[in-house]
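Inspection log for the structure reproduced underneath, given as structure tokens.
The values are calculated or read from the model by the stated rules, or taken from the named source; none is laboratory data. Being a predicted model, the structure only gives us computed values, none of them experimental. Cβ placement follows ideal geometry from the backbone for every residue including glycine, while neighbour counts extend to all protein chains displayed.
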Amino acid sequence: MSAKPHLIPIRITPEDIDFMGHVNNARYLGWVQDAVLSHWRKLAPAETVAKHAWVALRHEITYRRPAFLEDDVFARVVLERVAGARAFYRTIIARGEEVLAEVSSMWACVDAKTLRPARIDRGMAHECFGLSPHGTSAAE
């Protein structure tokens with residue numbers, strides 16, 4: 001992950017715990033959504049944030065280890081590339097150095113008023129998110 005990563009702490013609540021005593025797998029999707037939207041709001045210009053909304057198109061989650069109520073967990077998210085109105089994110093859910101889940105997700109940027117797809121400006125993605133001018137991670 002060479003683009004600008006964003007770290008957010010995750011607070012595990014008793015409602016997140018399932019019958020097996022660990023965080024329910026479905027809860028990870030909420031964490032990913034919170035992380036991606038937080039990343040966008042932190043790094044994109046305020047006027048751009050105000051004009052756009054995000055719709056999740058796809059998530060692919062690989063679960064590595066369970067999380068428990070008392071765990072100190074965080075999400076590390078990075079925008080890997082953009083293509084038109086689509087943004088491709090990578091999110092790691094971790095407890096310290098231990099990876100709990102890896103998530104690849106695709107999102108659609110939409111105009112907040114019309115709800116129609118809105119192209120992601122590559123210059124803004126380069127300046128704000130650290131992507132190459134071609135819309136990909138600098139490592140690619």
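What's the number of the condition Arg76 fails, among (1) surrounded by fewer than 19 Cβ atoms within 10 Å (Cβ to Cβ); (2) modelled with pLDDT under 95; (3) under 17 Å from Phe129 (Cα atoms)?
It is condition (2) that Arg76 fails.
Looking at His52, His126, which one is farther than 14 Å from Ala3 by Cα, surrounded by 15 or more Cβ atoms within 10 Å (Cβ to Cβ) and at pLDDT below 95?
His52
Listed residues Leu43, Leu79, Leu131, Leu115; which is under 12 Å from the mean Cα position of the chain (by Cα) and in contact (Cβ under 8 Å) with a residue 40 or more places away in the chain?
So the residue among Leu43, Leu79, Leu131, Leu115 that is under 12 Å from the mean Cα position of the chain (by Cα) and in contact (Cβ under 8 Å) with a residue 40 or more places away in the chain is Leu79.
State all residues of the range 21-38 that are in contact (Cβ under 8 Å) with a residue 12 or more places away in the chain and aliphatic (A, V, I, L, M); if no residue qualifies, say none.
Matches in the range 21-38: Val23, Leu29, Val32, Ala35, Val36, Leu37.
Quick test for you: out of Ala3, Ala101, Ala35, Ala67, pick the one residue that is more than 25 Å from Leu131 (Cα to Cα), small (Gly, Ala, Ser) and buried (at least 20 other Cβ atoms within 10 Å of the Cβ).
Exactly one of Ala3, Ala101, Ala35, Ala67 is more than 25 Å from Leu131 (Cα to Cα), small (Gly, Ala, Ser) and buried (at least 20 other Cβ atoms within 10 Å of the Cβ), namely Ala67.
Filter the range 84-100 for residues that are under 15 Å from the mean Cα position of the chain (by Cα) and among the β-branched types (Val, Ile, Thr) and give the result.
Hits for the range 84-100 are Thr91, Ile92, Ile93.
Given the options Gly21, Gly30, name the one that is of a type in the set (Gly, Ala, Ser) and either closer than 17 Å to Phe129 by Cα or out of contact with any Phe, Trp or Tyr (no Cβ under 8 Å at 6 or more places or on another chain) (or both).
Unique residue meeting the criteria: Gly30.
Condition test on Thr114, is it of a type in the set (S, T, N, Q), at pLDDT 95 or above and farther than 30 Å from Thr13 by Cβ?
It is true that Thr114 is of a type in the set (S, T, N, Q), at pLDDT 95 or above and farther than 30 Å from Thr13 by Cβ.
I'd like the full set of residues that are in contact with a strand residue (DSSP E or B) (Cβ under 8 Å, 6 or more places away or on another chain) and part of a loop (DSSP other than H, G, I, E, B), limited to the range 15-39.
Once the filter is applied, which keeps residues that are in contact with a strand residue (DSSP E or B) (Cβ under 8 Å, 6 or more places away or on another chain) and part of a loop (DSSP other than H, G, I, E, B), the range 15-39 yields Asn24, Asn25.
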